[in-house]
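Comments concern the structure below.
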Amino acid sequence: MIKVGVLVSGRGTNLQAIMDACAEGWVGAEVAVVISNNPDAPALDRARARNIPAVAIDHRRFPSREPFEDAMLQVLRTHQVDLVCQAGFMRILTGRFVSQYRGRIMNIHPALLPAFGGKGMYGEHVHHAVLESGARVSGCTIHFVNEAVDGGPIILQAVVPVLDDDTPDALAARIVREEHRLYPLAIHLFAHGRLVVEGRRVRILGAPIPPFTAASGSDSASVGATPGGAGASGGTAPGGGPGPVRAEGADPSA
Ligand code: GRF
């Protein structure tokens, strides 16, 4: 069982999905601590509701990034965190921080990287840019964090359709449901030693992971099944791991 530290800034629906999946027992991880740079983040309340240590470290109280990050590093070390997961964390980590947890920091981005990523591409900006581009698909990406913003090796991606009458909000809602399924799976793979970084690519050891693709033209997401993998309501995680991966997101309020 590995210990995960989750970095958040806002509502925390990905955190909720991670906590829920960990509680189900199939992830092989526990959330040891949640840190927010925003003391008012609803995500902190979600952690407290689970009796998980929730620590606010307000970046505005520090003169620069380094002491702010030192305070976070201290908390992460205190809780003996093996893996750091950014889940809607709105600060860019310095190379100094990254070097402390190299290969052990994940982030989720609400688009299909390497498109629609980088500085300034967050929240609604991403979905606006996707709609303006005319792209027919979007989705989400879980990647390891390196020094380049949104530039680390890609672990998992899920694809959703872009519909003709989409708004940024509608697209975001479709994507976040996929995020909630993908993040626990990525942590599961890491916890079981199945992720090997080879240059820019991440090799996933063991059974293949079924594609995560929302049903075309529909808002109801589904998990594509491949031989040896799990279907949308299967009792095993994709790739033959234990536990379910649900077709619907963990938090209906997302
Ligand atoms: C998600 O869309 C994620 O992709 C992005 O920030 C959002 C966080 O949402 N990085 P939540 O706080 O997990 O609800």
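Computed on alpha carbon atoms, what radius of gyration and Dmax characterise the stretch 2-240, expressed in Å?
Both quantities, over Cα of the stretch 2-240: 17.2, 54 Å.
How big is the gap, in Å, between the Cα center of the stretch 101-137 and the Cα center of the stretch 187-209?
Each part reduced to its Cα centre gives a spacing of 21 Å.
Place a point 7 Å from Cα of ARG77 in the direction of its Cβ. Which residues in the stretch 1-21 have their backbone N less than 19 Å from it?
It comes to 3-7, nothing else.
Can you tell me the relative contact order of the stretch 2-240? Whole percent, Cα pairs under 8 Å, sequence separation 6 or more.
Values: 480 pairs, mean separation 38.9, N = 239.
About 16 percent, as a whole number.
Given Cβ point charges of +1 (Lys, Arg) and -1 (Asp, Glu) and nothing else, what value in debye, to the nearest 20, does the dipole of the stretch 2-240 about its Cα centre take? Walk me through the numbers before you get to the answer.
Working: 22 positive and 22 negative charges, 151 e Å.
It works out to roughly 720 debye.
Need one number: nm distance between label points at ARG96 and VAL197, each 7 Å from Cα along Cα→Cβ, rounded to one decimal.
Between ARG96 and VAL197, the label points sit 2.0 nm apart.
What net charge is computed for the residues neighbouring PRO153, neighbours being all others with C-beta under 9 Å from the C-beta of PRO153, Lys and Arg scored +1, Asp and Glu -1?
For residues surrounding PRO153, the net value is +1.
Rounded to the nearest 20 Debye, what is the dipole magnitude of the stretch 95-171 about its Cα centre when Lys and Arg each give +1 and Asp and Glu each give -1 at the C-beta?
620 debye
Taking the highest mean first, how do the peptides 33-42, 191-200 order by number of other beta carbon atoms within 10 angstrom per residue? Mind dumping the intermediate values first?
On the way: 33-42: 20.9, 191-200: 13.7.
The packing order, highest mean first, is 33-42, 191-200.
Could you grab the Rg to Rh ratio for the stretch 161-205? Cα atoms only, Kirkwood for Rh.
When Rh is taken as the Kirkwood radius, the ratio is 1.19.
Please report how far the C-alpha centroid of the stretch 66-81 lies from that of the stretch 1-63, rounded to the nearest whole angstrom.
14 Å
Using +1 at the C-beta of Lys and Arg and -1 at the C-beta of Asp and Glu, which of GLY120, PRO63, PRO110 has the Cα lying farthest in the positive direction of the dipole of the stretch 41-130?
Of GLY120, PRO63, PRO110, it is PRO63.
Report relative contact order for the stretch 101-221 in percent, whole number only (criteria: Cα-Cα under 8 Å, sequence separation at least 6).
After rounding, I find 25 percent.
Rank by packing, highest mean first: peptides 119-129, 8-18, 166-176, with packing defined as the count of other Cβ atoms within 10 Å averaged across residues.
8-18, 166-176, 119-129
Here, each number is a calculation from the coordinates, and none is a lab measurement. The shown structure was predicted, so the numbers you read here are calculated from the model rather than taken from an experiment. When we count neighbours, we look across all protein chains shown, and the Cβ atoms used for this are built from the backbone with ideal geometry, even at glycine.
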